[in-house]
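Just below is one structure, and these are the notes that go with it.
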Amino acid sequence: MKGKPSAETFTTLLGQPERWGSLDNKTLDQLVHGVACMYGASNDDRLVDIITELYAIYREKIPSEQRLFNYEACRERVEQGEISPLGLLPFLLCDYDRQIVSSAALDFAVLQPGEEDPMSGVNLLLEWATSEIAGNPGAIFGGLVVCGDRRVTELLKAHRESLSVAEVEEAIHCHSGMLVAGSIEFYLDWLGELDSERDASLYGAVAAGLANQVLGARDMVVRDIERSFPVGAGEPVEVKKKWPLKDYAKIIAPRLNAITARETGEPIMPHVLKVWGLI
């Protein structure tokens, strides 16, 4: 980031939390970038409390668009191997913005190296999403659903009951613009296990998640994908198969119709079927 404070000024500012609230936006933005990268380079636990306090001020003063830009600059440094994926954690755990948190979750999942377990980053994210450590656990979960890799969505099934309805409602609004079979079928499987009256609020949220898959799509092609974990190990995304949306809709139509047939109470599924072009 251009025009950043000198190392001496940076160190001085970190040691003067009483000044953080009065910093101009540019300096505050640069200070957060610097401490995020410092944590990514050092994994120094002494920085955790500093980051938590500093980011709370940053979150209140700096618009989400600029925070996202700062996040993307940190991610670029991770991708270039300058710092570890831990440099993404201030944005992942301390921000509340859906786009920032879900993007950070997806990026951390594929960037966090695991010598023996390629899902190590995913498992850490699930641990954080189901504890009180995260500012927006629903967006972390949603970012992992967006990932769309079936290995990931299979892991999510064991953790979905730990989410509140409000957190599920946050998760269902996370999207990448790409229709991915693994994400679609995650919501379809979940919806098929719910009772429309007993689980009314959750049922409605998951059904909306299924509709949102289409509503948020940039193109009408469904892809079955597999991601590289970590991303540097090969092509970031391998497309295993793809279908025009209308053809894929026909494949899942029997399951959608079965859910519709047993729905009681306020009808929700007709709207979902309409979004999917099935009525």
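For Val180, the residues whose modelled amide H falls within less than 5 Å of its own, excluding neighbours fewer than 5 places apart on the same chain, are Arg223.
Taking the highest mean first, how do the peptides 100-110, 117-127 order by number of other beta carbon atoms within 10 angstrom per residue?
Details: 100-110: 26.3, 117-127: 18.7.
With the highest mean Cβ count within 10 Å placed first, the list reads 100-110, 117-127.
Based on DSSP, what percent of beta bridges with both residues in the chain are antiparallel, to the nearest 5? Walk me through the intermediate numbers first.
Details: 7 of 9 bridges.
Close to 80 percent.
Residue exposure proxy: Ile259, Ile251, ordered by other Cβ atoms within 10 angstrom of their Cβ from fewest to most, comes out as Ile251, Ile259. The angle separating the long axis of helix 64-79 from the principal Cα axis of greatest extent in the chain is about 80 degrees. Quotient of the Cα radius of gyration of region 1-95 and 2.2 N^0.38 Å, N being its number of residues: 0.97.
Which value, in debye to the nearest 20, describes the size of the charge dipole of the chain about its Cα centre when Lys and Arg Cβ atoms bear +1, Asp and Glu Cβ atoms bear -1, and nothing else is charged? Show your work: numbers first, answer last.
On the way: 27 positive and 42 negative charges, 194 e Å.
So the dipole magnitude of the chain works out to roughly 940 debye.
Separation of the alpha carbons by more than 20 angstrom is noted, of Lys157/Lys240; Lys157/Lys242; Lys26/Lys61, for Lys157/Lys240; Lys157/Lys242. Geometric descriptor of region 148-274, per residue, is 107 Å³ (volume of the convex hull of the Cα atoms).
In this rough spin-label picture, where each label sits 7 Å from Cα along the Cβ direction, the Ser131-Asp195 distance is 3.4 nm. Largest first, the three principal axis extents of the alpha carbons in region 69-224 are 51, 36, 32 Å in whole numbers.
Of (i) -0.26, -0.34, -0.76; (ii) -0.57, -0.64, -0.87; (iii) -0.29, -0.37, -0.77, which one was derived for log10 I(q)/I(0) by the Debye sum over Cα atoms at q = 0.07, 0.08, 0.12 Å⁻¹ from the structure shown? Here the calculated entry is (iii). Each helix, a run of at least 4 DSSP H residues, gives -39500 (n - 2.57); summed and divided by the residues of the chain, these come to -18000 deg cm²/dmol at 222 nm.
Using only Cα atoms, find the angle between the long axis of helix 25-42 and the longest principal axis of the chain, and express it within 0 to 90 degrees, rounded to the nearest 10. Here the helix axis deviates by roughly 80 degrees.
Global size of region 69-138: 11.4, 33 Å for Rg and Dmax (C-alpha atoms, Rg to one decimal, Dmax whole). For the charge dipole of the chain, defined by +1 on Lys and Arg C-beta atoms and -1 on Asp and Glu C-beta atoms about the Cα centroid, which residue among Val152, Pro90, Leu23 has the Cα displaced farthest towards the positive pole? In the chain, that residue is Val152.
Quick note: the coordinates plus some simple rules give every number you see, no bench work behind them. Please read these numbers as outputs of a predicted model, since none were measured by experiment. Counting neighbours? That spans all protein chains shown, and the Cβs are built from the backbone with ideal geometry, glycine included.
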